[in-house]
Amino acid sequence: MDTPPLEPPTHPDAEELSATALRLMARGAADRRAAFHTPTLSTIGLDGRPRARTVVLRGIDVAGRVIRLHSDLRSAKIAELRRDARAALVFYDAGAKLQVRAEGTATVHAGDEVTREAWGRSQPMARAIYAGDPPGMPLAGPGPDEPTADDGEANFAVIRCVFDRLDVLSLQAAGHRRLLLRWEGGERTAQWLAP
Ligand SMILES: Cc1cc2nc3c(=O)[nH]c(=O)nc-3n(C[C@H](O)[C@H](O)[C@H](O)COP(=O)(O)O)c2cc1C
């Protein structure tokens, strides 16, 4: 069976463009070399300023519209999401010339079954990250040369973000295309927008 292409066809219809976007997101979770593997997560800062940072796309449930990320419970983004759960993620694949902006609501998991399961599947190197000083803590120097060997499970958090909007922009010589997908009350609508 042929593998579906990861680039949108020229002049895609709404179904083709949304399918391409969702395929790239699924691939981003499965393939660490994929451009969509490291999106930018935006939150609203505690002071009301926008905050953005790179994260690793750990998993996606396309049917459930759930994006899964891992983070340190002590990091600023966690406090921000606990105060205001609205989040946006931006993905860009230069090969496919496709940008996806996902907007939704995030839930922070800590010390529960979701976290334990994800921790159980994570590698020792990834685990060591959570054993260090709290992210953002001022240091007297650059920091330790070796990662600490302690167990950081208590600092490990899983962020589950359910998206209800995908703004898909496909750059094409034949004319850029922009499609807004929205989910409301279980219904999905698709609207073309001027790029
Ligand atoms: C390639 C790359 C991947 C990253 N992945 C993650 C990640 O999955 N989770 C995370 O919390 N931080 C990740 N970071 C670090 C964040 O970008 C950020 O610096 C850190 O989480 C502190 O952000 P905050 O203070 O806004 O919470 C990554 C950074 C890079 C450059």
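The values are calculated or read from the model by the stated rules, or taken from the named source; none is laboratory data. All values derive from a computational prediction rather than experimental measurement. Cβ: placed from backbone, ideal geometry, glycine included. Neighbour counts: every protein chain shown. Each accessible area value is taken on the protein alone, full model and side chains, heavy atoms only, with ligands, DNA and RNA left out. Shrake-Rupley method; radii C 1.70, N 1.55, O 1.52, S 1.80 Å.
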Determine the sum of side-chain charges near Arg27: Lys and Arg each +1, Asp and Glu each -1, restricted to other residues whose C-beta is under 12 angstrom from that of Arg27. 0
Of Val62, Thr105, Gly45, whose Cα points farthest to the positive end of the dipole of the range 39-116 (charges on the beta-carbon: +1 Lys, Arg; -1 Asp, Glu; origin at the Cα centre)? Gly45
For the chain, what size does the Cα cloud have along each of its three principal axes, sorted from largest down, in whole Å? 54, 39, 34
If you stretched the chain out fully between Met125 and Leu171, how much longer would it get, using 0.36 nm times the residue separation minus the C-alpha to C-alpha distance? 12.8 nm
Please sort 164-170, 62-68 by packing, taking for each peptide the average over its residues of neighbouring beta carbons within 10 angstrom, highest first. 164-170, 62-68
Could you compute the FRET efficiency for Ala110 and Arg83, with r as their C-beta to C-beta distance and R0 at 22 Å, rounded to 0.05? 0.90
Give, in nm to one decimal, the length gained when the segment between His11 and Glu117 is fully stretched (0.36 nm per residue of separation minus the Cα-Cα distance). 33.9 nm
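Rounded to a whole number, what % of the accessible area of the range 1-121 do carbon and sulfur atoms account for, probe 1.4 Å?
Details: 3190 of 6410 Å².
Answer for the range 1-121 is 50 percent, counting heavy atoms of protein chains only.
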In vacuo Debye sum over C-alpha of the range 137-195, base-10 log of normalised intensity I(q)/I(0) at q = 0.26 Å⁻¹, listed in q order, is -1.13
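In debye to the nearest 20, how big a dipole does the chain give about its Cα centre with +1 on each Lys and Arg Cβ and -1 on each Asp and Glu Cβ? Could you put the intermediate results ahead of the total?
On the way: 26 positive and 26 negative charges, 83 e Å.
For the chain, the charge dipole is close to 400 debye.
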With Cα atoms, 0 to 90° folded angle of helix 14-30 axis to the chain main axis: 20 degrees
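Beta carbons within 10 angstrom, averaged per residue: use that to sort the peptides 113-122, 79-88, 35-44, highest first.
Working: 113-122: 13.3, 79-88: 17.2, 35-44: 19.4.
Highest mean packing first, the order is 35-44, 79-88, 113-122.
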Provide the solvent-accessible area of Met137, counting protein heavy atoms only and rolling a 1.4 Å probe, rounded to the nearest 10 Å². 80 Å²
Note to self: with every protein chain in place and a 1.4 Å probe, the chain gives an accessible area per residue in Å² of 57 Å²
